Every structure is written in C-alpha cells, then in structure tokens.
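Computed from the coordinates by the stated procedures, all read-outs in this text should not be read as laboratory data. Just so it is clear, the model here is predicted, and its values are computed rather than measured. Using ideal geometry, Cβ is built from the backbone for each residue, glycine included, and neighbour counts are taken over all protein chains shown.
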2 protein chains.
Amino acid sequence: MIRIGILGYGNLGKGVESAIKQNPDMELAAVFTRRNPQDMVIRTKQVSVLSADELAGMQDKIDVLILCGGSATDLPVQTPAYAGDYNVVDSFDTHAKIPEHFAKVQEAAASGKKTAIISVGWDPGMFSLNRLYGNVILPEGKDYTFWGKGVSQGHSDAIRRVEGVKDGKQYTIPVEAALEAVRSGSNPELTTRQKHIRECFVVPKEGADLKKIEAEIKNMPNYFADYDTTVHFITQEELQKNHSSIPHGGFVLRTGVTGVDKENKHLIEYRLKLDSNPEFTASVLVAYARAAYRMNQEGLYGCKTVFDVAPAYLSPLSGEELRKNLL
Amino acid sequence: MIRIGILGYGNLGKGVESAIKQNPDMELAAVFTRRNPQDMVIRTKQVSVLSADELAGMQDKIDVLILCGGSATDLPVQTPAYAGDYNVVDSFDTHAKIPEHFAKVQEAAASGKKTAIISVGWDPGMFSLNRLYGNVILPEGKDYTFWGKGVSQGHSDAIRRVEGVKDGKQYTIPVEAALEAVRSGSNPELTTRQKHIRECFVVPKEGADLKKIEAEIKNMPNYFADYDTTVHFITQEELQKNHSSIPHGGFVLRTGVTGVDKENKHLIEYRLKLDSNPEFTASVLVAYARAAYRMNQEGLYGCKTVFDVAPAYLSPLSGEELRKNLL
C-alpha cells in the first residue's frame with residue numbers, strides 16, 4: 001500500500017481523498033492542515049487530521065505527500081519546504097513561474113533523495129503532454145488550446161470585486177466555429193475574441209445599477225474587454241441552484257503536414273469534459289503520486305514534471321499486464 | 001545528428017524518409033533492402049541504397065535502425081535479429097503476439113546493450129498511451145476505441161480475394177450515434193455492429209455476377225458479417241481517382257466517475273484524423289527513434305514500448321525549453 005498524506009483540505013484536497021478510495025493500492029495516512037486540526041472534520045472517519053507542524057517528523061508514515069494548496073502563495077513555499085523530506089506532488093499552475101519553482105524544488109528533492117513531481121493536473125498536466133506528443137509527431141504544424149466550457153475562478157473573482165455585485169460566476173466557452181476551423185486544417189490565426197466567449201451570471205446587491213455593473217464587467221481590461229462577454233443578472237437562489245458545480249475542460253489540437261510535398265494533413269485532438277475540475281485534477285495528482293513513489297524506489301530523485309514520467313509508472317499494473325491489456 | 005537507417009522501402013519506409021526531413025536533428029544514413037539495391041531508386045538522391053546483408057557491419061554508421069516491414073512475417077524475424085546490434089524501432093501491431101515479440105526483442109537488446117522500442121505507431125502506440133492515461137486517471141470507468149474513417153488494408157485484401165472482383169477498397173467508419181452515446185457518459189454496451197460500419201468500393205471483373213459478389217462480401221465471417229456493410233460497384237478509373245489515398249484515424253474515449261458518491265462524470269477523448277496512415281505512423285516512429293537513441297545513451301537498455309518512454313525523450317528540446325514552452 002502506498003501511504004498518502006494530504007496537505008490542505010479545500011476542494012482539491014477533498015478530491016484527493018475520494019480519488020484515493022478509487023485506487024486499491026493506496027491509502028490515506030493523514031490529512032494535514034495549517035488551521036486548528038480540532039476544528040476540521042474530514043470525510044474519512046478513521047483517518048487523523050494533524051497540524052502541518054507534525055510533518056516535521058512523519059517521514060516514516062507517509063510515502064507521498066500531495067500538496068493541495070494554491071499556486072499563488074501556498075505551493076511556492078510548501079513544495080520546496082517539503083520536497084527534501086517527502087516525495088511530493090503538486091499542481092502548481094502559474095505557467096510563467098514554473099522554471100523558478102522547478103529550480104527550488106529540484107534543489108530540495110535532489111539533496112534529500114526524494115522525488116517531486118510538480119505542475120500536475122490537466123493544464124498544466126495532461127494538456128501539456130498532448131502539446132508535447134503533438135509537437136514531436138507533427139513538427140511542422142500548429143498548436144491550439146481551447147478552454148471550457150467551464151468555470152474560471154479568476155474571472156469569477158473579478159466579477160465579485162465589481163461594485164454592486166454580491167456574487168457571481170463566469171464560464172469560459174470555446175467558440176465552436178473556431179474549433180471547426182482548426183479541425184478543417186486551415187491553420188487559422190485566431191484572435192482572443194475569436195477563440196472564447198465569456199458568460200457571466202451575476203447576483204446584484206439590492207438597488208445596484210445593473211447597467212453600470214454590466215458595462216464595468218464588459219470593459220474590464222485583460223479579463224473581459226478582449227472577449228465577447230454576456231452578463232445575466234440572476235438571484236442568489238438561482239446561482240446556488242444552477243451554478244454551484246465546478247465543471248471545466250477544453251481542447252488541445254495539433255494540426256500538421258507530412259509527405260514529400262507536405263501534401264498530407266493530420267489532426268490530433270485531445271478533449272476533456274469534466275463535471276468537477278478539482279476532482280479530476282485530484283485524480284491526476286493521485287496517479288502521479290504512484291509514479292513519484294515508484295520512481296523514488298528506483299532512485300530517480302529530484303524534481304520532475306509530467307514530461308519526465310514514463311507512463312508505465314502511473315499504473316498499478318505490471319509491464320506484462322499493460323502490454324497485454326492496453327497496448 | 002542522429003543517423004537513421006531504414007530497413008524496407010514500402011509506404012512506411014517512404015514515410016520515415018520524408019519524416020526525417022522534418023526533424024533537423026536527424027539524417028538518413030542509408031536505406032536497406034532485401035531486394036536488389038540496384039533495382040531501387042529512393043527519393044533522397046545522395047543517400048545509398050544497400051543490401052540488408054550490409055547491416056552485418058554498419059554498427060558505427062547507424063544510430064537507430066527503423067524497421068519498416070510488415071507485422072505478419074517481417075518484424076517477428078527482423079526485430080529480434082537486429083536488436084542486438086542496433087537501437088531499433090518497429091511498428092509491430094499484431095496485438096495478440098506482442099508479449100512473445102517483446103520477450104525475443106528484450107533478450108537480444110539487453111544482451112547487446114541496445115535500446116529497442118516496439119509496437120510504435122498510433123494503434124498500438126498513441127491510442128495505447130491514451131488508454132493508459134485514461135485508465136490511471138479514471139480507474140472507475142470504461143474504455144472505448146473507434147477506428148476510422150479510414151482504409152482497412154486487411155478488409156480491402158479480403159474483398160479482392162472474392163471471386164469476380166478485380167480490385168477494391170474498404171473504409172471502416174465509426175457510427176456517429178455510438179460516439180455520441182459514449183460522450184454522453186451513459187456507458188453504453190455497444191455491439192460490433194453498433195460501433196462501425198463498413199463501406200466497400202469494388203471493381204468487378206467483366207461479366208461478373210454483381211449480386212453474388214455483394215452477397216459474398218456482406219456474409220463473409222469475421223470481416224463483414226457482423227457489420228452493416230455497403231457495397232458500391234465502380235470502375236477501375238473511379239477507384240484510382242477517388243480512392244487511392246490511405247486515410248485513417250479514430251477515437252479513444254475514457255469515461256469515468258469521481259466523487260464521494262461517484263456523482264461527477266468525466267470524459268477524456270483522443271482523436272486522430274489522418275490523411276496518410278503510413279506517413280503518420282512513420283512520424284511517430286521517427287520521434288521514438290530519437291527516444292531510443294537518447295535512452296541508449298543513458299544506459300536504458302532492453303526492449304521498451306511507448307509505456308516505458310518518458311515523453312521528454314521524444315523531443316529535441318531541453319527540459320528547460322519544454323517546461324518553458326509546452327508545460
């Protein structure tokens with residue numbers, strides 16, 4: 001049994017907890033929190049909730065620590081801090097800061113002879129893998145990534161900061177015509193506006209100026225101004241009833257040509273359609289936790305990404321079984 | 001530069017030849033044939049065509065030998081025969097015989113300290129990878145593989161063996177309604193007939209009994225009897241004009257559930273749409289030839305499949321570049 005520790009018990013941590021139950025070769029060893037453990041109730045009754053401070057001396061009880069904090073402030077500190085003592089997996093997703101994060105985690109993990117896998121999830125993660133496979137198979141080609149339909153946490157937060165807004169949720173939606181243009185092999189150059197639309201569901205405060213809210217959202221630089229954005233005003237009850245789940249997904253497409261005269265076109269398309277963004281991300285984290293454990297046993301120390309993990313490490317099946325059943 | 005040798009100059013070998021030109025870190029060292037080299041003209045003028053016998057002493061001139069023969073009789077002999085002397089890549093695709101093939105190649109490659117990667121292409125190959133990734137992320141779920149629209153060589157051959165048939169081509173076509181049922185998350189149990197239809201274009205011999213040909217094709221066990229099959233009679237000119245390319249493709253789908261009460265559904269869909277089946281397969285072979293070369297340099301000897309190859313080995317980019325550009 002691979003003994004998993006979870007640090008952080010938000011949506012992602014809860015997703016890891018339930019994903020572990022779907023993997024018979026794994027067990028949840030403990031959940032760690034920076035809050036008061038006494039205040040926290042987790043779903044798996046027989047498992048302890050411990051203070052994060054306890055991680056100072058739990059190395060013999062945890063095979064892999066899955067870090068379920070946020071990329072803004074938690075992971076940049078936590079992953080390097082724990083990678084020297086534990087095999088760790090995180091979902092660090094601030095693309096621009098990955099090189100810096102990698103360097104810090106590499107130093108800690110290598111010196112502690114531990115295995116760390118960072119930036120695991122679906123983007124970065126499965127989408128990155130599909131970009132890589134697409135690029136190496138079709139070196140003369142073009143990449144496209146579309147997101148959605150799904151809830152963007154960042155854009156939902158931006159809506160909620162607008163004056164007069166009580167609550168809100170934003171969906172990113174890929175434009176079907178743009179997807180079709182890519183699939184046709186015409187290699188379109190697509191603007192931001194042509195690729196995605198943004199749909200907002202807004203609960204206004206009582207007496208708020210709806211026209212003003214709508215205009216402020218639609219003209220918000222970076223977040224909405226470059227997109228065709230629609231704003232719907234709804235009640236808190238409607239938001240609760242119809243928009244409380246956290247779906248997401250998207251598409252990675254690679255189009256390219258082969259042949260003596262580049263006469264043959266090819267399309268590689270990878271699509272995710274997810275009812276729960278955090279639970280799917282958690283499921284990917286758990287599979288890579290298995291890889292971290294096994295790679296560490298083979299002496300593959302240091303910081304890794306999905307690019308460095310041979311797919312077989314992700315599966316509980318043996319090489320023989322994999323070749324027989326899945327190849 | 002990685003120096004590539006090609007053994008076998010059919011559609012696949014020609015595809016490898018043109019794929020090498022799309023990869024600036026590779027060069028074609030020589031094409032080897034079991035026929036008389038004098039009788040063979042290849043597209044790359046400055047490169048030698050040599051007898052396969054020359055492979056006995058070319059170890060210092062070839063970094064990776066790509067075996068472009070067929071799975072029925074060529075590869076079962078050739079891959080074990082050359083894997084002790086060369087890093088090799090093949091596209092062995094007889095699923096049921098992969099374990100046996102693996103064992104023979106493993107013995108040769110391990111004792112020669114070479115790296116062999118077998119069963120590379122898209123199925124087995126990229127489809128296998130997507131089955132594995134889908135299974136490890138969504139352990140409670142269901143796999144679906146659909147093929148086409150594309151030309152099935154085996155079924156086209158079967159048509160041509162029917163009495164009264166001069167020439168013919170068969171397309172395997174996935175049933176759109178079945179794909180949609182899978183995407184809906186309803187986990188349908190699909191019969192052979194529900195998943196694919198078979199469309200045949202047949203050139204009859206002069207005076208042949210068309211009704212008899214059609215009946216014989218539609219009732220052919222294994223090949224057509226379990227499918228809804230349509231038969232079109234056309235002229236040799238029409239076949240030549242409209243059906244001389246070799247498109248293929250297909251879909252790998254994984255549907256599964258997550259959550260405490262398995263309440264959230266997820267769909268992972270991988271799709272290929274290929275103008276040229278052999279050229280795409282060749283492009284995958286060339287990427288894995290790079291991996292074989294690099295893995296061999298790192299001492300990773302023996303027989304491998306796509307499951308054993310960390311994705312980063314496929315790319316000419318460094319780890320830093322990959323993390324910066326594709327993660």
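In order along segment B:191-200, the phi-based Karplus estimate (6.51 cos²θ - 1.76 cosθ + 1.60, θ = phi - 60°) of 3J(HN,Hα) comes to 7, 3, 5, 6, 8, 9, 10, 10, 10, 10 Hz; Gly and Pro are listed as x. FRET efficiency for the A:LYS324 to B:ARG193 pair, using the beta carbon distance and R₀ = 25 Å, is estimated at 0.40. Among A:210-217, A:91-98, B:308-315, the peptide with the highest mean count of other Cβ atoms within 10 Å heads the list, and the full ranking is B:308-315, A:91-98, A:210-217. In this structure, the amide hydrogen of A:GLY141, modeled 1.01 Å from its nitrogen in the peptide plane, lies closer than 5 angstrom to no residue at least 5 positions away or on a different chain. All alpha carbon pair distances within segment A:262-309 were sorted into 5 Å bins beginning at 0; the resulting P(r) in whole percents reads 5, 14, 20, 15, 13, 12, 11, 7, 4, 1.
Three principal axis extents describe the C-alpha atoms of segment A:193-327; from largest down they are 66, 46, 30 Å.
For A:ASP209, inter-copy separations between label points set 7 Å beyond Cα along the Cβ vector come to 8.8 nm, shortest first.
Is segment A:64-107 rounded, prolate or oblate when judged by the Cα gyration tensor, a ≥ b ≥ c being the square roots of its eigenvalues, rounded requiring a/c under 1.5 and prolate requiring a/b larger than b/c? In terms of gyration-tensor shape, oblate. Our coupling estimate for segment B:13-24, obtained by passing each phi through the Karplus curve with A = 6.51, B = -1.76, C = 1.60 and θ = phi - 60°, is x, 5, x, 5, 4, 6, 5, 4, 5, 8, 10, x Hz, Gly and Pro reported as x.
Label-to-label distances for B:GLY164 across copies, nearest first, come out at 7.8 nm, using points 7 Å from Cα in the beta-carbon direction.
Could you tell me which of rounded, prolate or oblate describes segment B:49-135, using a ≥ b ≥ c as the square roots of the eigenvalues of the alpha-carbon gyration tensor, with rounded for a/c under 1.5 and, failing that, prolate when a/b is larger than b/c and oblate otherwise?
On the way: a/c = 1.94, a/b = 1.81, b/c = 1.07.
Prolate.
For A:MET40, the distances from its label point to the matching points in the remaining copies are 6.5 nm, ordered from shortest, with each point set 7 Å beyond Cα toward Cβ.
Shape of segment B:1-65 from its Cα gyration tensor (a ≥ b ≥ c, root eigenvalues): rounded if a/c is under 1.5, otherwise prolate when a/b > b/c, or oblate?
Numbers: a/c = 1.89, a/b = 1.17, b/c = 1.61.
Verdict is oblate for segment B:1-65.
As an exercise, use a Förster radius of 41 Å and the Cβ-Cβ distance of A:SER184 and A:SER244 to find the FRET efficiency, rounded to the nearest 0.05. It comes out at approximately 0.65. Considering only A:LYS195, A:LYS218, A:LYS241, the Gaussian network model of chain A with Cα springs below 10 Å gives its largest mean-square fluctuation to A:LYS241.
From the P(r) of the protein assembly as shown, could you give the percentage of C-alpha pairs in the tail past 44 Å? All intermediate terms of the calculation are to be shown ahead of the outcome.
On the way: 57219 of 213531 pairs.
Percentage above 44 Å: 27.
3J(HN,Hα) along segment A:101-118, derived from phi through the Karplus expression 6.51 cos²θ - 1.76 cosθ + 1.60 where θ = phi - 60°, amounts to 4, 4, 4, 5, 5, 4, 4, 5, 5, 5, 6, x, 6, 10, 10, 10, 10, 10 Hz, with x in place of Gly and Pro. Taken residue by residue and averaged, Cβ atoms of other chains lying within 10 Å of the Cβ of B:268-278 number 6. Using modelled backbone amide H atoms (1.01 Å from N, in-plane), which distant-in-sequence or interchain residues come within less than 5 Å of B:PHE92's amide H? Distant-sequence amide H within range of B:PHE92: B:SER119, B:VAL120. Based on the Stokes-Einstein relation at 20 °C and a viscosity of 1.002 mPa s, and on the Kirkwood radius from alpha carbon pairs, chain A is assigned a translational diffusion coefficient of 99 µm²/s. Close amide H contacts of A:SER48 (hydrogens built in the peptide plane, cut-off under 5 Å, sequence separation of 5 or more or a different chain): A:VAL31. Secondary-structure-derived ellipticity at 222 nm for chain A, considering helices only, amounts to -10000 deg cm²/dmol, per-run term -39500 (n - 2.57) for DSSP H runs with n ≥ 4. Stokes-Einstein diffusion for segment B:1-120 at 4 °C, viscosity 1.567 mPa s, with a Kirkwood radius from C-alpha pairs, works out to 90 µm²/s.
In segment B:226-281, the ratio of gyration radius to Kirkwood radius, Rg to Rh, stands at 1.26 when only Cα atoms are counted.
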